[in-house]
1. Would you mind ranking CYS304, CYS297, CYS204 so that the residue whose beta carbon has the fewest other beta carbons within 10 Å leads the list?
2. Need the full-extension length gain, GLU133 to VAL79, defined as separation in residues times 0.36 nm minus the C-alpha distance. One decimal, nm.
3. Taking 8 Å as the Cα distance limit and 6 or more residues as the minimum spacing, I'd like the relative contact order of segment 2-153 as a percentage.
4. List PHE120, PHE253 from most exposed to least, where exposure is judged by having the fewest other Cβ atoms within 10 Å.
5. What number do you get for segment 208-283 when its Cα radius of gyration is normalised by 2.2 N^0.38 Å, N = residues?
6. Under 5 Å between amide H atoms, partner at least 5 residues away or on a different chain: which partners does THR90 have, H built in plane at 1.01 Å?
7. So if R0 is 41 Å, what FRET efficiency would ARG246 and ARG121 give, r being the distance between their Cβ atoms, rounded to the nearest 0.05?
8. PRE reach from SER375 (point 7 Å along Cα→Cβ): which of segment 313-335 fall under 19 Å by backbone N?
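Every read-out reported here was derived from the displayed coordinates using simple, explicitly stated rules and does not represent laboratory data. Because the structure is a prediction, the values reported are computed rather than measured. Neighbour counts run over all protein chains shown; Cβ positions are idealised from the backbone, glycine included.
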Amino acid sequence: MVQYFATCARGLEPLLAEELRQLGAKGVAAGRGGVHFQGDRLLLYRANLWLRTAIRVLEPIVTATVDSYDALYAAVRQVDWRPYLDVEQTLAVDAHVRDSPLTHSQYAARRVKDAICDQFRDRTGRRPSVDAEYPMLGLNLHVHGRQMVLSRDSSWQSLHKRGYRPIQTKAPLNEALAAGLLLHLGWRGDEPLVDLMCGSGTLCIEGAWLALERAPGLTRKWFGFQGWRDYEAGTWALVREEARQRMRKQLPFPIWGSDRHSGAVALAQRNARSAGVGQWLRFYQEDMREARPAPGCPPGLILCNPPYGSRLEGSRASVLALYAALGDTVRRYWPRWRLAVFAEGKDWLEAVGLPLRRTAVFFNGPLRCTLAEFSPA
């Protein structure tokens, strides 16, 4: 059994821990910004393929107390890197430093690379080269205070980058966070899902993948572990084939979105096609105030991510009016549907004007946001 650490946005730790338990992980323990767990190589591959709320999956190699760049260099140099890397292979280091005597992440990453390359040079007269985009060994350095952890990064590129959203909108909702909101609300595809301010369609697409039991990593062409010396190609092929066989053939309940901006609707449609769910999802250009349930559609979940923070358009009064209009529209025209709204600050949520059922805090990047679930109208 190997010890791993899966990182995530703050607030998603309990959801990520439950995802890992469902995959069969052992020793699952949620921490700040991630979850510790144990498993074998098969579980590592499945975690990268299936985790919806994770950012990356790390395998710690060395931990140490460091108070200088020289101490960091020495801690890394004492590891025998031959089991992890060949001189013909490439490496890269992604460093994050916080509240530490080591104040520069880039220089810390350079010292780690120097320690590894100097070890190979002393032994062989040659040193590995660097490939920042697709390294055969990608390393993650985390330094908090005087404590450092250097890990093999089995994901390298963030797992939230599913591959279906090449065009980034202004302050987009992270794919992993979107999936986490759905999981927190207990939505698993067993009722309709509607987003009345769909933007680029992320909530609807993540909902479709969840309902279809589609692994979020299936669209990715490369994971960090595929460059490792101990990469098991046959095991990875088996994991991918298992995921393909598990996918449902159709949505059990409808999912659709609407937005008043034609450009947003066109982008949502394009992203849905890229995600392989364009044939099931429907997006309409429609003002939220004019939206109505489809005839004969049973009540379900309305989940919206209205403007806040850098996405605010217009005056504070006009934005408050938008939130109030959302609550009024749901109360009048969507009977027995439950409404959930993700926003920054309680003022916006209070403006909705519906009975509040529960709230939860999640971080959208640096923004402390609240997911508020309202009682059915």
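1. CYS297, CYS304, CYS204
2. On the way: separation 54, 0.36 × 54 = 19.44 nm, distance 2.42 nm.
Gain on stretching GLU133 to VAL79: 17.0 nm.
3. Values: 287 pairs, mean separation 37.4, N = 152.
Across segment 2-153, relative contact order equals 25 percent.
4. Working: PHE120 18, PHE253 15.
With the sparsest Cβ surroundings first, the list reads PHE253, PHE120.
5. For segment 208-283, the normalised Cα radius of gyration comes out at 1.40.
6. MET136, LEU137
7. It comes to 0.30.
8. 327-335
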